[in-house]
Amino acid sequence: MAHLLKKVAVNASRMMSHPDRLSGVLLSLVACAAIFEAFQLPFGSVRAPDSGFFPLSLSILLLIFALGIVLNSFLTKSEPPKFAARSWNIVIGALAFIVYAISMPKVGFVLATLVVMLLFMIGFGRMDWRRASLIAFPSVLLSYLFFVQLGVPLPRGPLPF
């Protein structure tokens, strides 16, 4: 029995040795959970979609792409991931978005979005501050106006708008 368990563990380890295979399986699990949750909502129809139409459609698409990643992992050779100093930019970017989401209710949509856009464009995009400002200020202003027109409640923060 111990020999059989060891053989199963070795095969499972080999099966998940490809990074895309592992990420595809995890993404498939997330998609299945999302599909399960989306089934709890009323679907409606294509002509008259209800609240579950969009989440279920996206969840099914996610599952299709995840299974495509898993299938592709069997067709391609695995290359070891190459980490460099720039790889930390992913972690820093993720942390920046977490801080953005946490600070937005107090700071407000306009200031939080402006700061995160400037940090990303100057820090990661290597833009000078003038060019980044010429892009960030109108982008934030237009997105704010667009969301307000749609009736989306945005946190104000210390600004009057």
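Read the figures in this text as sums done on the coordinates, not as results from a lab. The structure presented is a predicted model; accordingly, all values stated were derived computationally and were not measured. All Cβ positions, glycine included, derive from the backbone under ideal geometry; neighbour counts span all protein chains shown.
Within region 27-87, which trypsin sites (Lys or Arg not before Pro) sit in a loop by DSSP and count at most 15 neighbouring Cβ atoms inside 10 Å?
Numbers: sites: ARG47, LYS77, LYS82, ARG86; in loops: ARG47, LYS77, LYS82.
Counting only loop positions with at most 15 other Cβ atoms within 10 Å, the trypsin sites (Lys or Arg not before Pro) in region 27-87 are ARG47, LYS77, LYS82.
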- prompt: Under unit Cβ charges (Lys, Arg +1; Asp, Glu -1), what dipole magnitude, rounded to 20 debye, does the chain have relative to its Cα centre?
  reply: 480
- request: Within 10 Å of each residue's Cβ, count the other Cβ atoms and sort THR76, THR113 from fewest upward.
  value: THR76, THR113
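Going by the alpha-carbon gyration tensor, a ≥ b ≥ c the square roots of its eigenvalues, is the chain rounded (a/c under 1.5) or, if a/c is not under 1.5, prolate (a/b greater than b/c) versus oblate? Can you show the working numbers first?
Working: a/c = 2.79, a/b = 1.49, b/c = 1.88.
It is oblate, given that a/c is not under 1.5 and a/b is not larger than b/c.
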query: So for SER45, SER78, SER139, fewest C-beta neighbours within 10 Å to most, what's the order?
result: SER45, SER78, SER139
query: Which helices, counted as full DSSP H runs in the chain, have an axial Cα extent of no less than 24 Å and a Kyte-Doolittle average of 1.0 or above?
result: 19-38, 53-75, 88-107, 129-150
task: Check each of the trypsin sites (Lys or Arg not before Pro) in region 89-161 and keep only those in coil by DSSP with at most 11 other C-beta atoms within 10 angstrom; list them in order.
output: ARG126
